[in-house]
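Read through the structure below, which is laid out as structure tokens, and then see the notes.
Just so you know, all these numbers are worked out from the coordinates, no wet-lab data involved. Please read these numbers as outputs of a predicted model, since none were measured by experiment. In this analysis, Cβ positions are derived from the backbone assuming ideal geometry, glycine residues included, and neighbour counts consider all displayed protein chains.
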Amino acid sequence: MVQLINQGRAAGAFSDCDSAENIAWRLIALVCGMDGICMLGMPDVDEAAFNRHLAVMIAKELC
């Protein structure tokens, strides 16, 4: 993930808001947490919600 972030920065797709390592860890933590919540079968947290929240976080993290 760090390599992908750095490649995106080199291509001018992402700005340099924080270190690639910090961003990667936050995204990994979100995915792991959301995955666990989805496994609980809560009605408002399905695959669509998972993908929506992940897309928002990626957009915010890779400003």
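Taking the Cα centre of the chain as reference, the dipole from Cβ charges on Lys and Arg (+1) and Asp and Glu (-1) amounts to some 160 debye. Entry note, the chain: relative contact order of 41 percent, from Cα contacts under 8 Å with a spacing of 6+ residues. Computed over the chain, the Cα gyration tensor eigenvalues convert (square root of 5λ each) into semi-axes of 26, 11, 8 Å, ordered from largest to smallest. Of the residues LEU54, ALA11, ASN22, the one whose Cα sits farthest toward the positive end of the charge dipole of the chain, with +1 on the Cβ of Lys and Arg and -1 on the Cβ of Asp and Glu, is ALA11.
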